[in-house]
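The values are calculated or read from the model by the stated rules, or taken from the named source; none is laboratory data. Just so it is clear, the structure is predicted and the values come from calculations on it, not from any experiment. When we count neighbours, we look across all protein chains shown, and the Cβ atoms used for this are built from the backbone with ideal geometry, even at glycine. Quick note on the areas: whole protein, heavy atoms, side chains included, nothing else; ligands and nucleic acids left out. Shrake-Rupley method; radii C 1.70, N 1.55, O 1.52, S 1.80 Å.
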Amino acid sequence: MEMRIAGTERESVVDGPGLRFVVFAQGCRHGCRGCHNPDTWNQAGGALIKVEDLLEQIKTARLIKGVTFSGGEPFLQAAQLAWLGREVKKLGLDLITFTGYTWEVLLALAEEDNAVRELLLVSDYIVDGPFIQEERDLELPFRGSRNQRVIDAVRSRQAGVVIEAGFS
Ligand code: SF4
């Protein structure tokens, strides 16, 4: 199974807690003003790669605590990333997915789209919402604007309300 990526980062410390392997998905339709990665918007851009090959790369990154899916918009390639996410979890790694959709919109999309539901289910944490320039805050850990939330996806699903994770 193939997907389009803008790139990968084998040892990031800025995309979630601990050392993380990051997959930057190619393609985004949110069009946030002030986006730092407009090169990731084109859904026909980036590079095609087999998700099985991404998994092999992740397996060789021995010191990582977890994996982060960022973008671009990971939920535009939800089927591929849900598969990769399940394999990542089998390795004992945690999974953070960044998205320009809000949690509430994702829950609604998941009603109609199995792949979206599966990527939501496999993610330990979701960092949600578009980048809003007026809400920009350089002090925030792992996100760019104050409207974005680091959501504990597991506890939020169980509780039926958004529970934010206390990353710092
Ligand atoms: S969701 Fe992210 S990649 Fe997409 S336009 Fe907004 S800031 Fe850029």
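Some observations on this one:
- Matching option when the condition is away from the ligand (no atom under 16 Å from the Cβ) and open to solvent by 30 Å² or more (accessible area, probe 1.4 Å), among Arg155, Arg143: Arg155
- The stretch 10-44, subset open to solvent by 90 Å² or more (accessible area, probe 1.4 Å) and under 17 Å from Arg143 (Cβ atoms), residue nearest to the ligand (Cβ to nearest atom): His36
- Among the conditions (1) touching a residue at least 40 places away in the same chain (Cβ under 8 Å); (2) closer than 23 Å to Cys35 by Cα; (3) open to solvent by 20 Å² or more (accessible area, probe 1.4 Å); (4) in contact with a strand residue (DSSP E or B) (Cβ under 6 Å, 6 or more places away or on another chain), Thr102 misses just one, which is (1).
- Candidate set: the stretch 45-60, residues that are surrounded by fewer than 16 Cβ atoms within 10 Å (Cβ to Cβ) and touching a residue at least 24 places away in the same chain (Cβ under 8 Å); chosen: the one farthest from the ligand (Cβ to nearest atom): Lys59
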